[in-house]
1. Would you mind stating whether residue A:224 is part of a strand (DSSP E or B) and more than 14 Å from chain B (Cβ to nearest Cβ)?
2. Which residue is surrounded by the most Cβ atoms within 10 Å (Cβ to Cβ), if the candidates are limited to the range A:227-241 and must be out of contact with any helix residue (DSSP H, G or I) (no Cβ under 8 Å at 6 or more places or on another chain) and within 14 Å of another protein chain (Cβ to nearest Cβ)?
3. Which residue is nearest to the chain's Cα centre (by Cα), if the candidates are limited to the range B:140-160 and must be within 16 Å of residue B:89 (Cα to Cα), within 14 Å of another protein chain (Cβ to nearest Cβ) and surrounded by 15 or more Cβ atoms within 10 Å (Cβ to Cβ)?
4. Report yes if some residue within the range B:18-27 is closer than 30 Å to residue B:154 by Cα and surrounded by fewer than 18 Cβ atoms within 10 Å (Cβ to Cβ); otherwise report no.
5. Do we find that residue B:79 is in a strand (DSSP E or B), under 19 Å from residue B:8 (Cβ atoms) and more than 14 Å from every other protein chain (Cβ to nearest Cβ) in this structure?
6. Would you mind telling me which numbered condition in (1) free of Cβ contacts under 8 Å to residues at least 24 places away in the same chain; (2) in a loop (DSSP other than H, G, I, E, B) residue A:129 fails?
7. Only one residue in A:249, A:244 is at the interface with another protein chain (Cβ under 10 Å from one of its Cβ atoms), over 22 Å from the mean Cα position of the chain (by Cα), surrounded by 15 or more Cβ atoms within 10 Å (Cβ to Cβ) and in a loop (DSSP other than H, G, I, E, B), so which one is that?
Amino acid sequence: MRLAIIGFGFLGRNLLRVIWEKISFIRKFDRDFLVVGVANSRGYIYDRDGLNLENLMAFNDLLRYPGFRAGSAVDLIRGDLCDVIVEATPTNIRDGEPGLTHIKLALSRGIHVVTPNKGPLVLAFRELMYLAEKNDCDLLYEGTVAGAIPIFSLVKECLQGDKIIRLSGILNGTTNYILSRMFFEEIGFDIALKEAQEKGIAERDPSYDVDGIDAACKVVILANTLVGRDVKINDVERIGIRGITQEAISLAKKANYAIKLIGTIDKRLEVAPKLVPINHPLCVHGTLNAIHVETDLAREITLVGYGAGKETVSAMLNDIITILKKRTWRSSVINSAKLA
Amino acid sequence: MLRDVQLKFSITLALPDKPGQLLRALEPIAKNGGNIVSIIHERDKPAEGYVPVSLVVDFLSHQSFKRTIEDLMNIGITIIRSEEVIERLRLMFILIGNVDVKRVIETRIEEMHVINIEAMRSRVGEVSVRLEVEVPIDKAEKIIWELKRAADEQGAILIPPIGV
């Protein structure tokens, strides 16, 4: 299979490094696996025989790479030069672009898609699923929710007979970091936020995280994928953490509770601060994420892990391998049937 | 957290202190679909030849409970006391805002009992309040909704416990 990476930012670059490090392992699933293209917002590089990943790792700026072609990722996808794309452009929840165009175009041309980009899935979930099914493609997006935590794989593969009663979780590492600092260091929200910004954990404009928008996006993707809902971000009731005082956290702590920003999917969809007993499996601190699944048979399962950063590459690579296993197995079965 | 609500009843009978009386009393309970949770046979408290027996029984409906009581009376069993046992849930909340603590304490939400309350004022004058309440388990959802509405009216943030 020929893979192209769209987006040469933090995740795209880290994925490329991991593919380079694990190339022999990946080729156990598909001996013809190649990375043939990488695109950024200005253009792309392409080599039908596979890019030299070691060389490519040395370039921070794709524009300086020999053979860089000015243009757009659309040219790479439209040229039918690849079988799988990893769409790793920045999340945009206003119109989903440019990721939405890339994913739609790829699926409509029968190209499989792996993405950690929430925007397109939040805005056009049903449309994208329909396109994938119609064109017999895979659209895998484990990295969109809680980074390295394999929540979709767990529920889809391991809880196939269970009915999901409720999903709840800490779905945003930035707010968990801020609330954890307030809990342990007894500092106010403003100081904890400033500290998070200095460490690069929070953006200069922190609204996307602290107002619960990021967590609400994840609630939408979880609800649409795992409990068969058809919802948009406006269907999620949302309260952020700006109003949480240090005194409130102290009062909670005295009674053995922590305050956490929790996304909940049951009959309602909600992101709001909740009191979590300190011995509850969801009571994890720092930038950790956690998801608690309540079902009719398994009852309760909790997953804890890193929700952002380079750990997300684990989910992206797993999605790529899933496609390689599924599709190369299928083609080998078809080939052996032809030979017979 | 809001479990399936089972109807639980407490029944105290006065049974003659003779063999076979308990079995006789249990028949109408079984016939009406009652599930016995506990039996306390207070043999150390006999009074004029009668022994008090306290039972906790689950029934599917109030009607089954009512029919059981009628059947027990029809076979001549004396009923000292019979009532529904309402399971109660303790819940913790935090309120943040320009909250009038006195108004919070005096919040008259039907069947909600305030167990504990602690407040702290921040430097900017905002008050944070920890409220511990006890509510009947089958009314919890409604009471939480009313508490949220009361908080909204005061322009305060209500932080409920997870799972409700």
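The values are calculated or read from the model by the stated rules, or taken from the named source; none is laboratory data. What you see is a predicted model; the values in this text were computed from it and never measured. Neighbour counts run over all protein chains shown; Cβ positions are idealised from the backbone, glycine included.
1. On the way: part of a strand (DSSP E or B): no; more than 14 Å from chain B (Cβ to nearest Cβ): yes.
No, not satisfied.
2. A:239
3. B:144
4. Keep residues of the range B:18-27 that are closer than 30 Å to residue B:154 by Cα, which gives none.
No, the range B:18-27 contains no residue that is closer than 30 Å to residue B:154 by Cα and surrounded by fewer than 18 Cβ atoms within 10 Å (Cβ to Cβ).
5. Working: in a strand (DSSP E or B): yes; under 19 Å from residue B:8 (Cβ atoms): yes; more than 14 Å from every other protein chain (Cβ to nearest Cβ): yes.
In short, yes.
6. Evaluating residue A:129 over (1) free of Cβ contacts under 8 Å to residues at least 24 places away in the same chain; (2) in a loop (DSSP other than H, G, I, E, B) leaves (2) as the failure.
7. Of the residues listed, the single one that is at the interface with another protein chain (Cβ under 10 Å from one of its Cβ atoms), over 22 Å from the mean Cα position of the chain (by Cα), surrounded by 15 or more Cβ atoms within 10 Å (Cβ to Cβ) and in a loop (DSSP other than H, G, I, E, B) is A:244.
Here is a yes/no grid of residues against (1) buried (at least 19 other Cβ atoms within 10 Å of the Cβ); (2) outside the structural domain of residue A:82 (by TED's automatic domain parsing); (3) in contact with a helix residue (DSSP H, G or I) (Cβ under 9 Å, 6 or more places away or on another chain):
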{"residue": "A:101", "(1), (2), (3)": "no, no, yes"}
{"residue": "A:105", "(1), (2), (3)": "no, no, yes"}
{"residue": "A:110", "(1), (2), (3)": "no, no, no"}
{"residue": "A:122", "(1), (2), (3)": "yes, no, yes"}
{"residue": "A:132", "(1), (2), (3)": "yes, no, yes"}
